Every structure is written in C-alpha cells, then in structure tokens.
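Comments concern the structure below.
Values quoted throughout were computed directly from the atomic coordinates according to the rules given, and no laboratory measurement underlies them. Predicted model only: the values in this text are computed from it and were never measured. Methodologically, a virtual Cβ is constructed for each residue, glycine included, from the backbone with ideal geometry; neighbour enumeration extends over all protein chains shown.
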Amino acid sequence: MDPKELHRTFARPGNASIPPQSVLWSAAATLWDCPMIRIFRCLALAALTFLVAAPAKAHPHVWVTMKSEVVYNADGTATGVRHAWTFDDMFSVFATQGLEAKEKGKFTREELAPLAQVNIESMKEYDYFTSAHAGGDQVGFTTPTDYWLEFKDGLLTLHFTLPFEKPVKAKDLQVEMYDPTWFVDFSFAEKDPAQLVGAPASCKLAVARPGEAQTQTQARLGESFFQNLAPGSNYGAQFSNKISVTCP
C-alpha cells in the first residue's frame with residue numbers, strides 16, 4: 001500500500017466514507033512494509049485515510065507532547081537528553097492495531113518492544129528531531145539508549161535517552177526539538193516540560209515555546225504548500241521548542 005496513494009484517497013473532495021473493518025486491518029498489516037525511516041508518516045497517512053471521515057487537513061498530522069530532561073554527570077558535565085514523547089490518540093490507536101496483548105486494550109513494555117525499536121530506528125534519518133549546541137558549537141548525539149514504549153490512558157509514550165557524543169561542559173547549552181517538515185508537531189507539556197537531572201546547583205533552565213499566533217497562522221496553509229516544499233527544507237524550525245541551560 002503506497003502512503004502517497006493513501007494520502008490522495010483521503011484528500012479527494014467528498015471522500016467521507018470509512019472502509020469496512022477488514023480493509024482497516026489490512027491497511028494496518030501492510031504498514032509494516034513501509035520503510036522504517038517513514039514509519040511515522042506511514043502510520044499517520046493511513047490513520048488519516050481510514051479513521052477520519054472528513055476533508056483533508058493541512059500539516060501537521062501527528063501531535064507529540066514532550067517532557068525532556070538534560071542529564072548531568074557528577075563532575076558537572078552534561079551527558080545527554082532524556083525524552084518522554086506522548087503521541088496523540090489517533091496515532092496511538094492506529095500504531096497499536098494488530099499488536100498481540102494478553103489483556104485487551106493494555107500493552108506491556110515487552111509487548112511494545114518491537115514497535116519501540118521501529119520508532120527509534122525510523123527517527124535516525126531525522127536526527128531524532130533533536131539538536132543541541134554548546135557555546136555556539138553543535139553537539140552530536142550517539143545511538144539512543146534506554147528506549148521503551150508505554151501505553152496509558154489510550155496514549156503511547158516513547159521514552160528514550162539521547163547521549164551526547166562526549167560529555168559537554170559549557171556555560172551555555174541549547175537543545176531544540178522540531179520536525180523540519182512540520183508533519184509532526186512537537187509541543188512541551190503544560191506542566192514540568194523540562195528539567196535538569198544531576199546538574200550543578202548554579203545552573204538555570206528556561207524553556208521557549210513557538211508562538212501560538214504563528215502556529216495558528218501557518219496551520220491555515222493548504223496541504224499543497226507542504227507537498228511543494230523543496231527537499232531539505234527546514235520549514236519546521238520556526239515551530240521549535242527550546243531548552244536553554246546556563247551555568248555560571
């Protein structure tokens with residue numbers, strides 16, 4: 001099943017019918033043939049096509065609510081970023097379609113382990129939607145560790161740690177999270193969106209969210225606008241969520 005064809009089907013004017021349950025299950029099964037680097041988009045496009053009886057909407061198509069931690073060593077160096085990303089209900093439901101579970105509607109960490117691995121591997125090409133700079137210089141990340149999925153109250157939450165390539169000691173550390181294409185909308189949780197773990201007491205943390213008015217304005221753009229973005233476009237940077245850490 002071609003994700004582009006799914007998207008065209010959904011976007012067709014007047015298409016407000018929901019296929020039979022057998023078609024939905026078939027679509028869910030074929031999603032696993034999608035390249036891993038596009039699992040978010042495969043799931044989202046299929047969910048949009050088969051679960052929503054309404055005209056197509058423009059970007060974004062997946063919503064993620066974040067809580068993030070900047071982790072420090074005892075020597076005062078920052079070692080990485082620990083994320084907890086909660087996906088919207090539609091994505092969560094569709095992503096778990098067909099997964100075997102001992103108890104209906106509930107999934108253990110072990111049952112979700114294969115999906116967690118797919119999620120992590122799919123994000124590699126997108127640099128895990130996370131970037132960091134220390135003292136103005138870019139900081140690289142290594143392969144994520146301690147990753148797992150949690151299913152609670154009908155929502156999937158992906159937990160993972162992004163270690164820095166090497167420990168960082170800088171007076172100014174910046175971490176940003178966003179999808180360059182704005183297919184996925186990232187936003188900080190309203191309560192406790194970010195915190196420092198093990199940092200020196202003198203270090204201070206601040207968060208910055210994208211402007212609400214800006215987001216609402218951009219959301220009115222038609223889907224064709226996003227389909228025509230040039231390859232490598234960094235359009236989504238304007239919706240970046242930022243963590244700033246200052247250590248005297």
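Residues whose amide H falls under 5 Å from that of Ala170, counting only those 5 or more places apart or on a different chain, are Ala78, with hydrogens built in the peptide plane. Summarising the label geometry, the points placed 7 Å from Cα in the beta-carbon direction at Gln195 and Thr77 lie 2.5 nm from one another. The string of couplings for segment 133-142 from the Karplus curve (6.51, -1.76, 1.60, θ = phi - 60°) is 9, 10, x, x, 9, 5, 10, x, 10, 9 Hz, one whole number per residue in order, with x for Gly and Pro.
Can you compute the label reach from Ala113? Point 7 Å from Cα along the Cβ direction, backbone N cut-off under 15 Å, restricted to segment 131-153. Label zone hits: 146-150.
If the limit is 22 Å between Cα atoms, which of Lys67/Lys204; Lys106/Lys242; Lys102/Lys124; Lys171/Lys191; Lys124/Lys171 go over it?
Result: Lys106/Lys242; Lys102/Lys124; Lys171/Lys191; Lys124/Lys171 exceed 22 Å.
The lysines within cross-link reach of Lys104, meaning a Cα-to-Cα straight distance under 17 Å and a gap of 8 or more places when in the same chain, are Lys152.
Listed by Cβ neighbour count within 10 Å, with the fewest neighbours leading, Val81, Val207, Val62 appear as Val207, Val62, Val81.
As a proxy for reagent exposure, Lys169, Lys106, Lys242 were ordered by neighbouring Cβ count within 10 angstrom, fewest first; the result is Lys106, Lys169, Lys242. Backbone phi angles across segment 85-90, fed through the Karplus curve with coefficients 6.51, -1.76 and 1.60 (θ = phi - 60°), yield HN-Hα couplings of 10, 9, 7, 5, 5, 5 Hz in residue order; Gly and Pro are listed as x. Restricting the calculation to alpha carbons of segment 62-246 gives Rg and Dmax of 17.3, 51 angstrom.
Here the calculated FRET efficiency for Ala84 and Glu165, from their Cβ-Cβ distance with R0 = 22 Å, stands at 0.50, rounded to the nearest 0.05.
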